[in-house]
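A short reminder: the numbers here are calculations on the coordinates, not readings from a lab. Because the structure is a prediction, the values reported are computed rather than measured. All Cβ positions, even for glycine, are placed from backbone atoms using ideal geometry, and neighbour counts span all protein chains on display.
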Amino acid sequence: MPVIILAISCLTAAGQDQANIPGGISIAIKAGNASELSRYMNATIELLLLDKEDFYKKNVAETILKDFFSEYHTKDFTIRHQGAKNDAQYAIGNLKTEKGDFRVYFLLKKVNQELLIHQIRIEADHGR
């Protein structure tokens, strides 16, 4: 019986892609550092941030995030879930700020063998 369970466990693990979100992303969000976060962004990024929702060039998205972090000073950021499928990876986390809590979602895709953020979604977390 243990052999069967081990074989099933190995098959299940082999069928799932492993997420490996660059640690610098979490550090940048936790620090409220939009400049550092932009190092991980694709040239164009979909940004959904409170009242803003559009595709932006990397430098414009960085400015919008700088404004957000200036208004909402970060206290903590923790990734709660992450996953992967093919060449895409995602993470969902909780951002705590002085003015409230937010749910953060980001999607990364491989570009020339480098994982880059293609989408960031930051929305108010009302205790979901």
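Values for this structure:
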{"quantity": "Mean separation of Cα contacts under 8 Å, 6 or more apart, over the residue count of the stretch 2-124: relative contact order %", "calculated": "25"}
{"quantity": "Low-density loop cleavage sites - trypsin sites (Lys or Arg not before Pro) in the stretch 40-89, where at most 16 other Cβ are within 10 Å (DSSP)", "calculated": "none"}
{"quantity": "Formal net charge of residues neighbouring Tyr40 (Cβ-Cβ distance under 12 Å; K, R +1; D, E -1)", "calculated": "0"}
{"quantity": "Debye-sum result for the stretch 2-124 in log10 I(q)/I(0), which assumes one identical scatterer on each alpha carbon, at q = 0.12 Å⁻¹", "calculated": "-0.46"}
{"quantity": "GluC sites (Glu not before Pro) lying in DSSP loop within the stretch 44-128, provided at most 10 other Cβ fall within 10 Å", "calculated": "Glu98"}
